[in-house]
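*Asks:* Once you've had a glance at the structure underneath, I'll fire off some questions.
Read-outs throughout are calculated quantities, based only on the coordinates presented, and are distinct from any laboratory measurement. Remember, predicted model here, so these are calculated numbers, not experimental data. Here the Cβ positions follow ideal geometry from the backbone for every residue, glycine too, while neighbour counts run over all protein chains shown.
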Amino acid sequence: MNMNKSLTAVAVAGALAVPMSAAQAQPEGWYGFIAAGIESSDIDREAPDAGDPGSGPAAIFHTNTGADGEGGTGLADIAASRFGWGGSEDLGNGLEANYQFEWGTDSTTAAAIGNRLSNVGLSGGFGSITLGQQWSALYNYMGWNVFRSVGHGGGAWYYHTSNFQNIAAYGLRSSNTIDYTFGAGPYGDDPFTFTVQAVSNSNVYTTTGGGQDDFFLDGLSLGFQGTAGIVTWNAFYGQEEASGDRTPQIYGLGGRLDLGPALVSATFLQSDWDMSGVNDEPNSIHVNGEMDFGGGISGRVMVATVDGDDVMDDIDANLFVGLEQALSSRTFIDFEFETIDYDNTGDETVVYLGARHTF
């Protein structure tokens, strides 16, 4: 079946569904945070043995590295400080227009990271439609279960999603995207909500025969969520066009258990890279636990593993520990520790202590 035609049919079917309530509201006015701290990393990576799969990109992002690539210590802005502006306008008849711009910077060097989000939308009794660069359905429905740290704490998540560029670059944001959301969206508590995201980029890749990509639909994501009391479940499916006429796919199942001061969550991801002649279906498991200890102190622990099949090195263990002390409603001290043990290409460890002020 032609991927472009089949995904278009699913997208149209989703867009015609009748919603129960409006989607998540856009931010109003200026918002953001400035963060900086001391980070120390120890990177002991090596080339894989002959016949073993490579390791792909470095799993721990925003990490200080020395000239020899073996780690370092220094000032770091691991969270990528950011500022944004969002707004909305009541159009009457139950309609609302909204927009959002968000930029990132490195507070330790004042280097511009660039645009993070830029989108416009319309919401009402039909749900919401948003166009532009926005958070991916993969992150909203799957990543938010477990990837809830300030800067680190997502090593295995980055690693497993690194092959997907159209529907979610490294599992985070999605460009050239049309989003339709039914209900309150992934951060609400509706009994049922879902999102359809379609990516349309006129020059995503060069086909094997040469020339510019001429597909209208270059990727499709479907995110689903249900909530019943303290239990929330999530499901995800995504597929995209890729170089070499491949159509890689990724599936996800997960959920959260909200126990008041404590939260337990988990996510399972399964990919199919659509490569011939190799076993190319890596999967990952992430489990997260959080606790509010009172007095402005909270903590979280995440553990993860990745079975890389024949296309990625396995991650035997990924451990993350984070602690946060709230000095006020807007100022925080953050401590983060993360370590990743690869099966045949070494390991990485990083420690961070810093401050963050929100506005």
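*Asks:* Using a Gaussian network model of the chain whose springs link C-alpha atoms within less than 10 Å, name the residue from 40, 329, 162 with the highest mean-square fluctuation.
*Replies:* Of 40, 329, 162, the Gaussian network model singles out 329 as fluctuating most.
*Asks:* May I ask you to compute the full-extension gain from residue 187 to residue 237, defined as 0.36 nm times their residue separation minus their alpha-carbon distance, rounded to one decimal in nm?
*Replies:* Details: separation 50, 0.36 × 50 = 18.00 nm, distance 1.82 nm.
Taking residue 187 through residue 237 to full extension adds about 16.2 nm, to one decimal.
*Asks:* Under 12 Å from the Cβ of residue 334, count the other residues' Cβ atoms, weight Lys and Arg +1, Asp and Glu -1, and hand me the total. Don't skip to the end; give the middle numbers.
*Replies:* Numbers: positive: 300, 356; negative: 39, 77, 324, 336.
Computed value for this residue: -2.
*Asks:* Arrange the following residues from fewest to most other Cβ atoms within 10 Å of their Cβ: 70, 241.
*Replies:* Values: 70 12, 241 24.
Placing the least packed residue first, the sequence is 70, 241.
*Asks:* Nearest 0.05, what FRET efficiency do residue 122 and residue 358 give at R0 = 35 Å with Cβ-Cβ as r? Could you put the intermediate results ahead of the total?
*Replies:* Details: r = 29 Å, r/R0 = 0.82.
After rounding, the FRET efficiency stands at 0.75.
*Asks:* Quick one: check the C-alpha center-to-center distance for segment 274-293 versus segment 79-148, whole angstrom.
*Replies:* Cα centres, segment 274-293 to segment 79-148: 26 Å.
*Asks:* Determine the shape class of segment 37-358: with a ≥ b ≥ c the square roots of the Cα gyration tensor eigenvalues, call it rounded for a/c under 1.5, and otherwise prolate if a/b is greater than b/c, oblate otherwise. Numbers along the way, then the final one.
*Replies:* Details: a/c = 1.44, a/b = 1.07, b/c = 1.35.
Rounded shape, in that the Cα axes give a/c under 1.5.
*Asks:* Subtract the Cα-Cα distance of residue 91 and residue 279 from 0.36 nm times their separation in residues, and report this length gain in nm to one decimal.
*Replies:* Length gained between residue 91 and residue 279: 62.4 nm.
*Asks:* When the chain is modelled as a GNM with alpha-carbon springs shorter than 10 Å, which of 36, 137, 110 fluctuates the most?
*Replies:* 110
*Asks:* Here's something else I'd like to know. How high is the FRET efficiency between residue 331 and residue 115 when r is their beta carbon distance and R₀ equals 22 Å, given to the nearest 0.05?
*Replies:* Details: r = 27 Å, r/R0 = 1.21.
So, using R0 = 22 Å, E works out to roughly 0.25.
*Asks:* Please give me the summed charge of the neighbours of residue 37: other residues whose Cβ is under 11 Å from its Cβ, Lys and Arg +1, Asp and Glu -1.
*Replies:* On the way: positive: 356; negative: 39, 77, 334, 336.
Neighbourhood net charge equals -3.
*Asks:* A further question on this structure: For every other residue with a beta carbon closer than 13 angstrom to the beta carbon of residue 132, add +1 if it is Lys or Arg and -1 if Asp or Glu, then tell me the sum. Provide the component values of the computation, followed by the final result.
*Replies:* Numbers: positive: 116, 173; negative: 102, 179.
Net charge in that neighbourhood comes out at 0.
*Asks:* Highest mean first, how do 144-156, 266-278, 287-299 rank when packing is the count of other Cβ atoms within 10 Å averaged over residues? Before the final figure, lay out the partial values.
*Replies:* Working: 144-156: 23.7, 266-278: 16.9, 287-299: 14.5.
Top to bottom by mean Cβ count within 10 Å: 144-156, 266-278, 287-299.
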